[in-house]
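K.L.:
Before I ask anything, here is the structure I am working with.
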């Protein structure tokens, strides 16, 4: 096999992922306005499951009772049945990939420009956040998911508690030990809710890429602490912070993906390939130096199987996270495994998908045929559009 590390299994608490390719969480906009699963959402994940990734992290499900338009929700038992139907649909398409659910608590924003900050939470609010995570985790397990990912990255609530921008003056802000307090309480409550034989991973920022934000120095310490607690994997993203967001258009809320920090979260075509690997390399080394073996997931413009294999061979990560690449061509894994790399329809890092999310639209890929809501089947380069951007485009 050309890529023995990439297509080797990995086992977390008795759950075996058949290979090291993880389809990381990406908002689709295909849920209902009330956060319910739709047939179109099922079809999106069914199509991706057929492509051969070892694990699929279903897009973030909101644990808050308040509405978050077109995002999945898991804030009430009423959502469990629909999520179970989603899991069943994915398994019917392909029983091999392990299916996880990302759960998250978000900071509220308004079209007026107002945005909630961690300093706005009262002490009595914090145990509620912990309880909401624990109950959502229990629902995810009841719905049949194989694992859970706790969203502690980007501009969301737990990420904002972890960030150096957290200026709370009580025991939940300021020094790192205090900033860790709420995320650790959430992890422990979730672990209690799902038991010891169910994998729970976390997603963190390797860098905030904002003035005063978290850097690799802090993220290595955060990662080691969660590895010590028993986190089953640590997925490392970056950026997407409000602190340097562009001024929003009239009647639009602030967009954390609009500034430099947001550009770093989802690297554009002009960024180098494997843009975040140095973050996972530094985090993995620090976690291993502490004596912990938690697998580290890397993401960020990994375009080819050769790049993925190189990262694993050099010990810079344990799992390869692909998001836009699998949105573009879900068959990337099976084509690579079968030696058909030339058939892979490559993501151009144009961020058409990201911009659709920012406009609260259904997320699709610029390389799909016009009007398609899922990737074609089969999908070959000669029917994809547009053509690859030249290496010197725009320079």
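Please treat every number below as a calculation from the coordinates, not as lab data. Note that the coordinates shown come from a computational prediction; the quantities given were computed from them, not determined experimentally. As a convention, Cβ positions derive from the backbone with ideal geometry for all residues, glycine included, and neighbour counts pool all protein chains shown.
K.L.:
Can you tell me the FRET efficiency between residue 176 and residue 360 if r is taken as the Cβ-Cβ distance and R0 is 41 Å, rounded to the nearest 0.05?
P.N.:
So the FRET efficiency works out to roughly 0.75.
K.L.:
Right, next: Using Cα centres only, tell me the gap between the range 116-137 and the range 194-240 in whole Å.
P.N.:
Taking the Cα centre of each part, the range 116-137 and the range 194-240 sit 19 Å apart.
K.L.:
Mind jotting down the distance between the C-alpha centroids of the range 334-349 and the range 291-318, whole Å?
P.N.:
Distance between centres, Cα-based: 18 Å.
K.L.:
If the label point is 7 Å along Cα→Cβ of residue 340, which residues in the range 47-65 have backbone nitrogen under 20 Å from it?
P.N.:
47-55
K.L.:
OK, next. Roughly how compact is the range 21-99, stated as its Cα Rg over 2.2 N^0.38 Å to two decimals?
P.N.:
Rg over 2.2 N^0.38 Å, computed on Cα atoms: 1.04.
K.L.:
If I stretch the segment between residue 285 and residue 307 completely, what's the gain in nm (0.36 nm per residue apart, minus their alpha carbon distance), one decimal?
P.N.:
Extending this stretch completely gives an extra 6.0 nm.
K.L.:
Same structure, new question: Given contacts defined as C-alpha pairs under 8 Å and at least six residues apart, what's the relative contact order of the chain, whole-number percent?
P.N.:
16 percent
K.L.:
Per residue and in cubic angstrom, what volume does the convex hull of the Cα atoms of the range 10-383 have?
P.N.:
Normalising the Cα hull of the range 10-383 by residue number yields 127 Å³.
K.L.:
By average Cβ neighbour count within 10 Å, what is the ranking of 274-284, 244-254, 73-83, 3-13 from highest down?
P.N.:
Result, highest mean first: 274-284, 73-83, 3-13, 244-254.
K.L.:
Using label points projected 7 Å from each Cα along Cα→Cβ, tell me how many nm separate residue 40 and residue 188, to one decimal.
P.N.:
4.4 nm
K.L.:
Moving on to the next point. Arrange the peptides 237-243, 257-263 so that the one whose residues have, on average, the most other Cβ atoms within 10 Å appears first.
P.N.:
237-243, 257-263
K.L.:
On a full-extension model of 0.36 nm per residue, what is the gain between residue 273 and residue 11, subtracting their alpha-carbon distance, rounded to one decimal in nm?
P.N.:
Numbers: separation 262, 0.36 × 262 = 94.32 nm, distance 2.81 nm.
Extending this stretch completely gives an extra 91.5 nm.
K.L.:
Out of the DSSP beta bridges found with both residues in the chain, what percent are antiparallel (nearest 5)?
P.N.:
10 percent
K.L.:
Given Cα pairs under 8 Å that are at least 6 residues apart, what percent is the relative contact order of the range 108-205?
P.N.:
Once normalised by length, the contact order is 36 percent.
K.L.:
Right, next: Would you mind putting 89-96, 199-206, 374-381, 59-66 in packing order, based on average other-beta-carbon counts within 10 Å, highest first?
P.N.:
Working: 89-96: 15.2, 199-206: 26.9, 374-381: 16.9, 59-66: 20.1.
Packing proxy ranking, top to bottom: 199-206, 59-66, 374-381, 89-96.
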